[in-house]
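**Q** Next up is a structure, given as structure tokens.
Read-outs throughout are calculated quantities, based only on the coordinates presented, and are distinct from any laboratory measurement. On a predicted model such as this, the values are computed, not experimentally measured, just so you know. So basically every Cβ, Gly included, is an ideal-geometry build from the backbone, and we count neighbours across all protein chains shown.
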Amino acid sequence: MTVFLIIVVVALIGISFWQMSKILSLSQLSGADNSQVANDKDNNLHGKLMLAFVIFMYLLTIYCFVQYHTFFLPESASEHGVDYDRLMVISMVLIFVVQFITQGLLHFFAYKYRGKKENKALFFADNDKLEFIWTIIPVIVLAGLIIYGLFTWTDIMNIDEQEGDPIIVELYAYQFDWRARYSGEDKELGKANVRFIEGVNTLGLDVSDSYAMDDKVVNELHLPVNRKIIFKLRSQDVLHSAYMPFFRAQMNVVPGMITEFAYTPTLTSEEMRNSEFMVEKVSTINNIRREKSKALTANGDEALENYEFDYYLLCNKICGASHYNMQMKIVVESQEDYDAWLAEQKTFKEQISAQASN
């Protein structure tokens, strides 16, 4: 009912303005120019406005790049991310150069050749040479960009499970959290099905499969630096998306099927945390938090904690009410630290035995 009343009020206000405009038009002097055809004065004004608008747009673009450059991601923390970023930079440079030239010429010509009564427009009814030029140049540029993109995409998505002694990790998504599963001594993940989910068996591992018994299920993702990781992605319920922006990685997690993605981490969590970009960004965030904490403490609330950078696995699909909170910490560390951490984790067999004894 409230929404209906708001719509009615908005409609009545619109009708009132419309009636007022009619009254104003009727109250104009009889000698006023009521013609709907633009005159020289109108064309002159609009030409200047077009020129002013493009100058304002360029100044705003420059300001945004200077003011908000810290919102960009830092250097990639994965091997393939370098190629990904290069492709992105080439695409954006091409777009901005073409946009800068064409948009500038469009607005400049709108000003320079604004309509005047004594002028007659010069136009070409047909010009094969011009049409060939403005057709072939975009074709060549786009073809080169697409071919380069296809080669880059193929290199990124070509997953060879035999190359470089990779680690295979399952990422399991459900509303609203993540779990990771590592293979044990046999270096092979056991079979799983959502129908087997019960008790500590939160990922639905097949207890009749010997390969599953030494698998390790964790709620924090640890990765060794400079070693290839192959991710097998599985969803329990709805469509999710595994998003790891600092590694330039994203893959949909689809119910009923296994999707996969692979990358090689090149920067540990500690190295990224101590990088110049991240130190400046964390300092900025903590300054903002300290300012907000002053108001909170003045009202008797707790102050905000200091922020410390960590890699995170996020969900990039709106998968429900708590989608925003669906994340898992990623720790990239040395091979020695990774091996020590993995050795401390309980196997699926140990978890089942503990459940049985309880």
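**Q** First check a/c for the chain, with a ≥ b ≥ c the square roots of the eigenvalues of its C-alpha gyration tensor; if it is under 1.5, answer rounded, and if not, answer prolate when a/b is larger than b/c or oblate otherwise.
**A** Since a/c reaches 1.5 and a/b is larger than b/c, the shape of the chain is classed as prolate.
**Q** Right, another one. Would you grab the residues whose amide H sits under 5 Å from the one on A192? Only those 5+ places off in sequence or on another chain, please, with H modelled 1.01 Å from N.
**A** For A192, the qualifying residues are D206.
**Q** Now for a separate question. With the chain treated as a Gaussian network of Cα nodes joined by springs under 10 Å, which of W18, W178, W153 yields the largest mean-square fluctuation?
**A** Of W18, W178, W153, the Gaussian network model singles out W18 as fluctuating most.
**Q** List the pairs from K294/K317; K216/K317; K191/K228 whose alpha-carbon separation is above 31 Å, in the order I gave them.
**A** K294/K317
**Q** Between rounded, prolate and oblate, where does segment 90-145 land on the alpha carbon gyration tensor, with a ≥ b ≥ c its root eigenvalues, rounded for a/c under 1.5, else prolate if a/b exceeds b/c?
**A** Verdict is oblate for segment 90-145.
**Q** Using r as the Cβ-Cβ distance of Q19 and L304, and R0 as 56 Å, what FRET efficiency do you calculate, to the nearest 0.05?
**A** Plugging the Cβ-Cβ distance into 1/(1 + (r/R0)^6) gives 0.60.
**Q** Could you give me the ³J(HN,Hα) list for segment 185-192, computed from phi with Karplus coefficients 6.51, -1.76, 1.60 and θ = phi - 60°, whole Hz, x at Gly and Pro?
**A** So the J values, rounded to whole Hz, are 4, 6, 6, 9, 6, x, 5, 8.
**Q** Based on Cβ point charges of +1 for Lys and Arg and -1 for Asp and Glu, what charge dipole magnitude is obtained for segment 106-152 about its Cα centre, in debye rounded to the nearest 20?
**A** The dipole of segment 106-152 has a size of about 420 debye.
**Q** Using the 2.2 N^0.38 Å rule of thumb for compact globular proteins, work out how segment 127-282 stacks up: its C-alpha Rg over that value, please.
**A** That ratio works out to 1.41.
**Q** I need the shape label for segment 1-159. Rule: rounded when a/c is under 1.5, else prolate if a/b > b/c, else oblate, with a, b, c from the alpha carbon gyration tensor.
**A** oblate
**Q** Oh, and also: Using Cα pairs under 8 angstrom and six or more residues apart, how large is the relative contact order of the chain, in percent?
**A** 17
**Q** If you don't mind, there's one more thing I want to ask. Which of S235, S275, S16 moves the most in a Gaussian network model of the chain with Cα springs under 10 Å?
**A** Of S235, S275, S16, the Gaussian network model singles out S16 as fluctuating most.
**Q** Would you mind checking the pairs K187/K349; K187/K346; K281/K346 and listing those with alpha carbons more than 27 angstrom apart?
**A** K281/K346
**Q** Would you mind ranking E308, E260 so that the residue whose beta carbon has the fewest other beta carbons within 10 Å leads the list?
**A** Least crowded to most crowded, the residues run E308, E260.
**Q** Which angle from 0 to 90°, rounded to the nearest 10, does the C-alpha axis of helix 348-357 make with the longest principal axis of the chain?
**A** The answer is roughly 60 degrees.
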